[in-house]
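Working notes, beginning with the structure itself.
The values are calculated or read from the model by the stated rules, or taken from the named source; none is laboratory data. Bear in mind that the values here come from a model prediction, so they are computed numbers and not experimental data. Reconstructed Cβ throughout: ideal geometry from the backbone, glycine too, with neighbour counts over all protein chains shown. Heads up: the accessible areas ignore ligands, DNA and RNA and are worked out on the full protein's heavy atoms, side chains in. Shrake-Rupley method; radii C 1.70, N 1.55, O 1.52, S 1.80 Å.
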Amino acid sequence: MVPAWAVMPNHVHAVVRPLDGFKLHDILHSWKSFMSKEVNKLVGRAGNLWQAESWDHVVRDEDDFYRCVQYTLANPRQAGLREWRWVGRS
């Protein structure tokens, strides 16, 4: 489940809740692997696309969840990106 997401020019935000039996680390690896191959094909290059590390935050309660969703959805506007197509919620 991905309640909110934003694909920015140089990073991605996603509020996610992994299904039982899945680890966030494995999900991120899968996303990064797939997307780096696709982006590299589009731009005609090879090699690393993503930084090695990622940042995560355990959502503590309903208020924290709301704050994380709002932050993610507002991030493009805060960065000066108007009418940004690559942001949404499920």
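Laid out as a table, the results:
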item: P(r), alpha carbons of the chain - 10 Å bins starting at zero, rounded %; result: 14, 43, 36, 7, 0
item: Longest segment of the chain lacking trypsin sites (Lys or Arg not before Pro) that sit in a DSSP loop with at most 16 other Cβ atoms within 10 Å; result: 1-22
item: Total charge dipole magnitude, the chain, about the Cα centre, Cβ charges on Lys, Arg, Asp, Glu only, Debye to nearest 20; result: 480
item: Exposure ranking of Leu19, Leu28, Leu42 by accessible area [1.4 Å probe, largest first]; result: Leu42, Leu19, Leu28
item: Per residue, in Å², the accessible surface of the chain once ligands and nucleic acids are set aside, probe 1.4 Å; result: 84
item: Carbon and sulfur %, accessible surface of the chain computed with the full protein complex present, 1.4 Å; result: 55
item: Cα-based reach from Lys23 at 17 Å (exclusive), listing lysines while leaving out same-chain residues under 8 positions away; result: Lys32
item: FRET efficiency estimate (nearest 0.05) - Cβ-Cβ, Phe65 to Lys41, R0 35 angstrom; result: 0.50
item: The chain - percent relative contact order, Cα under 8 Å, separation 6 or more; result: 45
